[in-house]
Amino acid sequence: MFWRFFSFIAWQLLGGLAGWYATSFTRAATSELVGTLAGVVLSGAAWFLMDTSRGVRLLHWLRVGDASEVAMRTGLWGEVSDRARRLIRAREQMTQESQRRLQDFLSALQASPNGVLLLDANGQIEWLNQTAAAHFGLDAQRDLMQHLGNLVRDPGFASYFAKRDFRHVLTMPGRESTPARPVKLSVQLHPYGEGRLLLLSSDITAVEQAEAMRRDFVANVSHEIRTPLTVLAGFVETLQTLPLNDEERQRYLALMAQQAERMQSLVNDLLVLSRLEGSPLPSDTEGIAVSTLISQLEQDGRALSAVMNPSCEPMHELKFESLLSGEIIGAPSELLSALGNLVSNAVRYTPSGGKIEVRARLLADDRAEFSVSDTGPGIAPEHLPRLTERFYRVDRSRSRDTGGTGLGLAIVKHVAQRHGGELIIDSTPGKGSVFRIIFPASRVRLPKELPASPPAAPGASAPDPASSR
Ligand code: ADP
């Protein structure tokens, strides 16, 4: 400020001096005075013009200039320009930072598995993420500033939106929902700001399906238990009220034992399933020898086939062979239970005199295949996709008569999956069925990989001749 004042005075002094000097040759005192005054006024005006032009230049720079350039460097205007430039740059940096944060924020919302949609006070879409676009069949660019009520035509949503009571969650079909593949959305609007709305949507199809399955499961279990329980209660009442002779009493008690056994099998299978669901994945070190598995299956299969025959002789032609020596890595009890279920089904559903073959072999890609084939009634193709559903039965009465629970194949599939394997079912009605479990190579331990066993004691039995690769 001092320099500005000083330069103004200096200009005027110089102007006055110049005016005096220019008129000093006239030798008239009045002319010299007028010349000096004129010099002062003219230099003042020149200083003012120059100063104003610098001010105008600065104003122009402020209006359209580039903040990275310096409009002027010296004087008061130079300092004003420098300070303005710094202020502008600080603002620009703040704006860039806010932009970056906004972008980060929008990217986070974009990555959200839930749909997020922002509406202005008129119900027009201000922003939406891709998930919301997919849920409502919208286009994240094209539909901006469109009225949401015009784009989402579901009647449930229309009345929810119109009532403007957003305290509860709305469940509505998703845009891609079809009768064959229903998609369920949970939608809620949240008011914020001045009349604006935040819409959150999530795909609850899986949750709804799980809930429906849980309901079905509870209903099925109750039904399965209620039937034998009702029969048992009836027999108990009969025993209590009727004067029965010994023979009749024994007959009723045998029927009661049958029903109790049925309930026991059901509870056992339910416990197996719940253990499978709740326990960690099977070990990847422990295993069971294929030959042990096959001989255990043979023992149980022959026993079951004999039990089903009044003469107590196996009523089927049974063949068990292991073409694979080595181990299956996993939980032995689960493996036995799964394969045992397949053998038990084959025995229970194949009529007397039928042929049942159980075989273990190594596939070309080092996977292990266990197959159980029978010459039973076979299964019509339309039932095959649903066979592993809990309580799904093709022949309900045959299943019950032979002590089936409807959970066997569900257990088999679960065990196979827990071991990284798969269950494959092939069946021809009237000819028979083949159930195969294929374990991945990672679950197969071949003899060369097995830890060396101690040398056989003299007289120890030779290796199982049936076990060969
Ligand atoms: P269940 O305890 O009733 O046998 P599963 O889950 O083991 O239940 O089997 C489901 C249904 O698949 C059975 O009810 C039966 O109708 C059919 N099924 C299973 N194995 C065979 C088979 N080997 N031959 C014919 N039908 C079979």
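If the condition is being within 34 Å of the chain's Cα centre (by Cα) and surrounded by fewer than 15 Cβ atoms within 10 Å (Cβ to Cβ), then the range 361-379 contributes Leu363, Asp365, Asp366. Looking only at the range 175-211, filter to residues that are small (Gly, Ala, Ser) and modelled with pLDDT of 90 or more; which one of those is farthest from Met145 (Cα to Cα)? The extreme case among them is Ala210.
All told, Ala346 meets the bar of being aliphatic (A, V, I, L, M), surrounded by 21 or more Cβ atoms within 10 Å (Cβ to Cβ) and touching a residue at least 12 places away in the same chain (Cβ under 8 Å). When His190 is tested against the conditions (1) without any contact (Cβ under 8 Å) to a residue 24 or more places away in the chain; (2) more than 28 Å from Arg386 (Cβ to Cβ), the lone failure is (1). Being over 17 Å from Ala338 (Cα atoms), under 38 Å from the mean Cα position of the chain (by Cα) and polar (S, T, N, Q) is a property that holds for Ser399. Taken together, the residues in the range 1-22 that are touching a residue at least 24 places away in the same chain (Cβ under 8 Å) and either touching a His at 6+ places or on another chain (Cβ under 7 Å) or under 19 Å from Gly55 (Cα atoms) (or both) amount to 6. With respect to the conditions (1) surrounded by 14 or more Cβ atoms within 10 Å (Cβ to Cβ); (2) on the phi < 0 side of the Ramachandran plot, Gly75 lacks only one, and its number is (2). Might you check whether a residue that is assigned to a helix (DSSP H, G or I), assigned by TED's automatic domain parsing to the domain that holds Arg400 and within 42 Å of the chain's Cα centre (by Cα) occurs anywhere in the range 249-261? Among the residues of the range 249-261, not one is assigned to a helix (DSSP H, G or I), assigned by TED's automatic domain parsing to the domain that holds Arg400 and within 42 Å of the chain's Cα centre (by Cα), which makes the answer no.
Residues checked against (1) under 23 Å from Arg4 (Cβ atoms); (2) in a helix (DSSP H, G or I); (3) of a type in the set (Asp, Glu):
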{"position": "Gly35", "(1), (2), (3)": "no, yes, no"}
{"position": "Gly39", "(1), (2), (3)": "yes, yes, no"}
{"position": "Trp47", "(1), (2), (3)": "yes, yes, no"}
{"position": "Asp51", "(1), (2), (3)": "yes, yes, yes"}
{"position": "Arg57", "(1), (2), (3)": "yes, yes, no"}
{"position": "Asp66", "(1), (2), (3)": "no, no, yes"}
{"position": "Trp77", "(1), (2), (3)": "yes, yes, no"}
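Considering the range 316-417, there are no qualifying strands (runs of 3 or more DSSP E) wholly inside with 2 or more residues that are near the ligand (Cβ under 7 Å from one of its atoms). Scanning the range 203-225 for any residue that is free of Cβ contacts under 8 Å to residues at least 60 places away in the same chain, over 30 Å from Ser337 (Cα atoms), touching a strand residue (DSSP E or B) at 6+ places or on another chain (Cβ under 7 Å) and part of a helix (DSSP H, G or I) turns up at least one such residue. Among the criteria (1) without any contact (Cβ under 8 Å) to a residue 40 or more places away in the chain; (2) in the same structural domain as Ala368 (by TED's automatic domain parsing); (3) part of a loop (DSSP other than H, G, I, E, B), the one Leu244 does not fulfil is (2).
Do we have Leu276 as crowded, with 17+ Cβ neighbours inside 10 Å and in contact with a His (Cβ under 7 Å, 6 or more places away or on another chain) here? Criteria met by Leu276. Here Phe157 meets the list (1) on the phi > 0 side of the Ramachandran plot; (2) in contact with a strand residue (DSSP E or B) (Cβ under 7 Å, 6 or more places away or on another chain) almost entirely, failing just condition (1).
The values are calculated or read from the model by the stated rules, or taken from the named source; none is laboratory data. Please read all numbers here as calculations on a predicted model, not as lab measurements. For neighbour counting, all protein chains shown are included, and Cβ atoms are generated from backbone atoms with ideal geometry for every residue, glycine included.
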